[in-house]
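The next block holds one structure in the form of structure tokens; read it before the comments.
Computed from the coordinates by the stated procedures, all read-outs in this text should not be read as laboratory data. The structure displayed is predicted, hence computed values, not measured ones. Ideal geometry is used to build each Cβ from the backbone, glycine not excepted, and the neighbour counts take in all protein chains shown.
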Ligand code: UDP
């Protein structure tokens, strides 16, 4: 019996790494993410990852405090490298082979992003982490996730969140919020639901890459979706 998806791109938010802490990286969350990722890599799923940097720095936030936006965005991209290195370490601690590829050259710590090489790593079973976003200011790591997913011909982009999927209103604010199992891209736009930023969302839509929004903090969820093909989360088709 095959896996539901053979090659995936997992987008994790930097903010989720905070856990209960005010800043930095929560070691328990990091290691639980690593275990979840290992569970699908062991099942022969080719896994690539983009992780955000919001727990450390966001360019927009810097700009509101008077910083040059572009400078702030580059700082945000460096923040994603810190999270990527932390995740790489957590994976290697549990014997998962990884490669970190950066959109900004940093030879001492990461390979430069080269699409063909990334695909080769995936084919060899290495988990590939894409750091430094797209390498360009004014973008987000959601967009980096969509872009890389398309480039490497990922079957799906999995957006790991702390809620169970896409709801008709914010489930953290509204107890009556209804979750969708599947939803079309048109409906997401019509209802103005926030799945990803528009650039990221549009890239996926135009290239017909399905998006699954799911709860990354529920143990076993990732494997249920990717390996067993269970309808956890919300699929945008
Ligand atoms: N960023 C950027 N270009 C990219 C990706 C990220 O300039 O291609 C910067 C941007 O300033 C952003 C920050 O890096 O605010 C952190 O990424 P993001 O906010 O997407 O992280 P997340 O919300 O997923 O933690």
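Couple of notes before you dig in:
- Gyration tensor (alpha-carbon) shape descriptor, the stretch 100-149, a/c threshold 1.5: oblate
- Among 39, 169, 102, sorting on how many other beta-carbon atoms sit within 10 Å of each Cβ, with the fewest leading, yields 169, 39, 102.
- Order of 64, 98 under a 10 Å beta carbon neighbour criterion, fewest first: 64, 98
- Relative contact order for the stretch 1-134, counting Cα pairs under 8 Å that sit 6 or more residues apart, in percent: 26
- Using the Cβ-Cβ distance between residue 26 and residue 228 with R0 = 30 Å, the FRET efficiency computed as 1/(1 + (r/R0)^6) comes to roughly 0.60.
- The stretch 96-202: translational diffusion in µm²/s, Stokes-Einstein, Kirkwood Rh over Cα pairs, 25 °C, 0.890 mPa s: 155
- Global form of the stretch 15-124, assessed from the alpha-carbon gyration tensor, a/c cut-off 1.5: oblate
- Sequence of 209, 134 once ranked by neighbouring C-beta atoms within 10 Å, starting from the fewest: 209, 134
- Taken over the chain, the percentage of Cα pairs per 10 Å bin, counting from 0 up to the bin with the maximum distance, is 8, 33, 39, 17, 2, 0.
- Calculated FRET value between residue 206 and residue 107, using beta carbons and R₀ = 41 Å, to 0.05: 0.75
- Of all DSSP-defined beta bridges confined to the chain, some 10% are antiparallel rather than parallel.
- For the stretch 198-237, the Cα gyration tensor yields ellipsoid semi-axes of 22, 11, 7 Å (square root of five times each eigenvalue, largest first, whole Å).
- If R0 is 30 Å, the Cβ-Cβ spacing of residue 15 and residue 136 corresponds to a FRET efficiency of close to 0.90.
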